[in-house]
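Reviewing the structure listed below.
The values are calculated or read from the model by the stated rules, or taken from the named source; none is laboratory data. Quick caveat: nothing in here was measured; it's all calculated off a predicted structure. Please note: Cβ atoms are built from the backbone with ideal geometry, for glycine as well, and neighbour counts cover all protein chains shown. Accessible surface areas use protein heavy atoms only, side chains included; no ligands, DNA or RNA. Shrake-Rupley method; radii C 1.70, N 1.55, O 1.52, S 1.80 Å.
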Amino acid sequence: MEKQNEFSAAITTESTDNHHIVSQEKWIEARKHLLKKEKELTRLNDELARQRRQLPWVEVNKHYIFESEQGRKTLSDLFDGKSQLIIYHFMFAPGDKEGCPGCSFLADHIDGANLHLAHHDISVVVVSRAPLQELLPFKHRMEWKFEWVSSFGSDFNYDYFVSFTQEQLNNGSIYYNYEDLKHDDGTESPGTSVFFKDKSGKIYHTYSSYARGGDILVGAHNFLDITPKGRNEEGAMDWMRHHDKYDDFKKDNNSCCH
């Protein structure tokens, strides 16, 4: 509370739309106070990343098969010559006509990062449970370049707790984000899983995160969080759309090809 009062004292005088208007000197004083907290958060994030890398691993002995645009692939194949594999569990159930808007928002960030990650011993692959022929039209519509494969027919999604059986849904309880939860909202949820392959070809599961654990992959949120209005939403991501559903996109792409 003392620090909060110290910060509040640094920003006095008149208020405009609930924001205080101060001199440049007072602004720098307040900004430097916030900078201390930002540095604390940076150091904490660095420490969390270190502890994340120190988590124990689980050897993956189960044989998973995925359908890709190049044909059937194993989990080992998804590494594509790299030793590290990041899988984004994209919510797209069999029979869906288009992908989850929130997953699509995150997926919009993958291709840019992949320009660099592919050169740093990391393969990034998106996995969904819908059959490949149902995924590809949406992928092409979104103009994504990343590898997107189907786990249809395998236990992969269930084993990594992002898909739920009808029995679970009927019972009204699922295991998600490392706890039992009440759930009656569909068969899929988002997540991210990380794997490592050693020189002998053995594969290990090293990390998984769910729910808001994917926030760190969404760069647009970081842009929003440094603006005066922030994320400016009443509900989580209620403003966000598939990127081809914004009005300006429709106006700029009003041709027979879109």
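Some points to look at:
- The phi-based Karplus calculation (6.51 cos²θ - 1.76 cosθ + 1.60; θ = phi - 60°) puts the 3J(HN,Hα) values of the stretch 108-122 at 4, 8, 6, 4, x, 5, 5, 4, 10, 4, 4, 9, 10, 6, 10 Hz, whole numbers, x for Gly and Pro.
- Of all the options S208, S83, S23, the one that moves most in a Gaussian network model of the chain with Cα springs shorter than 10 angstrom is S23.
- Identified option (computed Rg and Dmax of the Cα atoms in Å; candidates [x] 19.2, 62; [y] 22.1, 67; [z] 19.4, 57): [y]
- Taking amide H atoms as placed 1.01 Å from N in the peptide plane, the amide H of Y207 lies under 5 Å from those of V194, each 5 or more residues away in sequence or on another chain.
- List K37, K182, ordered by accessible area with a 1.4 Å probe, largest first: K182, K37
- Those lysines that a straight Cα-Cα span of less than 25 Å connects to K197, excepting residues fewer than 8 apart in one chain: K62, K73, K82, K145
- GNM on the chain, alpha-carbon springs under 10 angstrom: the most fluctuating residue among G214, G235, G153 is G235.
- Order of exposure, largest accessible area first, which applies to H120, H20, H221 with probe 1.4 Å: H120, H20, H221
- A 1.4 Å probe run over the stretch 51-208, with the rest of the protein chains in place, finds 53 Å² accessible per residue.
- The 3J(HN,Hα) values that the Karplus relation (6.51, -1.76, 1.60; θ = phi - 60°) gives for the stretch 70-85 are, in residue order, 9, x, 6, 9, 8, 4, 4, 4, 5, 5, 6, x, 9, 9, 10, 10 Hz. Gly and Pro appear as x.
- Ranking T192, T165 by solvent-accessible area of protein heavy atoms (1.4 Å probe, all protein chains present), from largest to smallest, gives T165, T192.
- Once you reduce the stretch 134-149 and the stretch 153-169 to the center of their Cα atoms, the two points are 22 Å from each other.
- Taking the chain as a Gaussian network of alpha-carbon nodes connected by springs under 10 Å, the highest mean-square fluctuation of the residues E40, E98, E25 belongs to E25.
- For the stretch 162-216, carbon and sulfur atoms together expose 48% of the accessible surface, with a 1.4 angstrom probe and every protein chain in place.
- Listed residue (I216, G95, Y158) projecting farthest to the positive dipole end of the chain, Cβ model: I216
- Scattering curve values for the stretch 49-101, log₁₀ I(q)/I(0), Debye with Cα scatterers, q = 0.16, 0.20, 0.25 Å⁻¹: -0.75, -1.01, -1.16
- Rounded to the nearest 500, the 222 nm mean residue ellipticity of the chain from helices alone is -10000 deg cm²/dmol, with -39,500 (n - 2.57) taken per DSSP H run of at least 4 residues.
- Note on R141: accessible area approximately 90 square angstrom, rounded to 10, probe 1.4 Å, nucleic acids and ligands left out.
- With DNA, RNA and ligands ignored, accessible area of K32 (1.4 Å probe; Å², nearest 10): 130 Å²
- Given a 1.4 Å probe and the protein chains as shown, D96 ends up with an accessible area of around 60 Å².
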